[in-house]
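One structure is given below, encoded as structure tokens.
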Amino acid sequence: MNNSNKITKRKVLFIDRDGTIIIEPPLTFQVDEVEQIEFLPGAIRNLYFIRKKLDFEWALVTNQDGLGTPVYPQENFDAVQKMFLQILKNEDIEFDKVFIDKSFPEDNLLTRKPGTGMLTEYFSDQYDLAGSFVIGDRITDVQLAKNLGCRAIFISNDFELLEKDGLSEFCALQTTNWDNITEFLFAGERKVTIQRTTKETDILIELNLDGTGKCNVNTGLKFFDHMLDQVGKHSGCDLTIIVKGDLEVDEHHTIEDTAIALGEAFGKALGDKRGIERYGFYLPMDDCLCSVALDFGGRPWLVYDAKFNREYIGDLPTEMILHFFKSFSDAAKMNLNIKAEGDNEHHKIEGIFKALAKSLKMAIKRDIYQFELPSTKGVL
């Protein structure tokens, strides 16, 4: 088959200006004087990196309410826009196209974001809108992404706003850090869903390595839930674990299979492991000293030095702690070295899980500016 005439569809970054690249004044929310121009931290450096390393087309898309009226004179905007574009051009950052809507909110809902009236040229076979992104700081930018058929990168620290508006599924990334935006665009998202179903357990795990520590855990074992919450919270990963196990038999299958599925989730989410720190270690807790050293080197191994004098902590059998970490390290293909000492059994177990979380946080940290395999072998 001859693919010489195959058209490569172009991807687009639809980028807002105020509040996204330059900081909005806190009272007017409108940059209408050159003295007000202040760039978001890291914006210029990351825009340059994205422009040089990736092949997106760039479209600046901005609402400028009432532009050209006495309330907002055209010459004020022109001076700001000229300076804004010139600063970026001096750093080899240029937009392919600029779209400015001048209407007040009630005047033209077709062209004003989230309307797509200014952007109809992108609704063609030449563009891959599903692979494109809207980058903006308003809920209207997420709505624009929905209307265009792409996804949003939402610059906001209000992590409940999207859920309130029912727009979470149209947001690929929410952050206030331009480094995170670059990392996402360059190296992709690290989200996975694992469904593991056997005659003994039915397990759903959703893991986002670049989350904010949000957890939703229900295994049927309350103390186990509490420990797994520590993993998500203190690693900064978003973690959902829903388990239906044969607890009428005992706890073994639920704990073992959860460990296997969780290990698979981390292994899959890390992908080829380029740019990650790879190693991690940690942590004291009250009377206990717990260390968990790990290596995502591709070879499973467990060293475990922890003894417990109680058969159960809550509803969790202490004999299953070792078994959990053995299954987890095997499935994640990681070295895991665990040591815990102290008097309080609850503290020892919780300290181990918190130390694991902190070790994971260190090891999965990714630097896209040093996007190489952390190995002299050249393979992990």
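Among the residues of region 24-39, the ones that are free of Cβ contacts under 8 Å to residues at least 24 places away in the same chain and among the aliphatic types (A, V, I, L, M) come to 1 in all. In region 144-169, of all residues being at pLDDT below 95 and hydrophobic (A, V, I, L, M, F, W, C), the one that is nearest to Gly213 (Cα to Cα) corresponds to Phe159. Please specify each residue of region 43-63 satisfying the condition of being part of a loop (DSSP other than H, G, I, E, B) and surrounded by 15 or more Cβ atoms within 10 Å (Cβ to Cβ). Phe56, the sole residue that qualifies. Among the residues of region 340-358, those that are more than 13 Å from Ile321 (Cα to Cα), assigned to a helix (DSSP H, G or I) and of a type in the set (Gly, Ala, Ser) comprise Ala355, Ala357. Per the conditions (1) charged (D, E, K, R); (2) modelled with pLDDT under 95; (3) touching a Lys or Arg at 6+ places or on another chain (Cβ under 6 Å), the sole criterion not satisfied by Glu33 is (3). Using the structure shown, decide if Ser329 is among the hydroxyl-bearing types (Ser, Thr, Tyr), on the phi < 0 side of the Ramachandran plot, in a helix (DSSP H, G or I) and touching a residue at least 12 places away in the same chain (Cβ under 8 Å). Criteria met by Ser329.
Taken over region 242-255, the criterion of being surrounded by fewer than 19 Cβ atoms within 10 Å (Cβ to Cβ) and within 11 Å of Ile203 (Cβ to Cβ) is satisfied by Ile242, Lys244, His253. Could you tell me whether Asn108 is surrounded by 12 or more Cβ atoms within 10 Å (Cβ to Cβ) and modelled with pLDDT of 90 or more? When the stated conditions are applied, Asn108 does not pass them.
Kindly check whether there is at least one residue in region 161-168 that is farther than 28 Å from Thr111 by Cβ and in contact (Cβ under 8 Å) with a residue 12 or more places away in the chain. No, region 161-168 contains no residue that is farther than 28 Å from Thr111 by Cβ and in contact (Cβ under 8 Å) with a residue 12 or more places away in the chain. Given the criteria in contact with a Ser or Thr (Cβ under 7 Å, 6 or more places away or on another chain) and farther than 24 Å from Val292 by Cβ, does Ile203 qualify? When the stated conditions are applied, Ile203 does not pass them. Filtering region 305-317 for residues that are surrounded by fewer than 19 Cβ atoms within 10 Å (Cβ to Cβ), under 24 Å from Ala269 (Cα atoms) and within 34 Å of the chain's Cα centre (by Cα) leaves an empty set.
When we screen Leu228, Leu239 for residues that are hydrophobic (A, V, I, L, M, F, W, C), assigned to a strand (DSSP E or B), crowded, with 22+ Cβ neighbours inside 10 Å and in the same structural domain as Phe324 (by TED's automatic domain parsing), the only hit is Leu239.
For region 85-120, residues that are closer than 30 Å to Val71 by Cβ and either free of Cβ contacts under 8 Å to residues at least 24 places away in the same chain or not assigned by TED's automatic domain parsing to the domain that holds Ile37 (or both) total 11.
The values are calculated or read from the model by the stated rules, or taken from the named source; none is laboratory data. Keep in mind that what you see is a predicted model, and the values were worked out from it rather than measured. All Cβ positions, glycine included, derive from the backbone under ideal geometry; neighbour counts span all protein chains shown.
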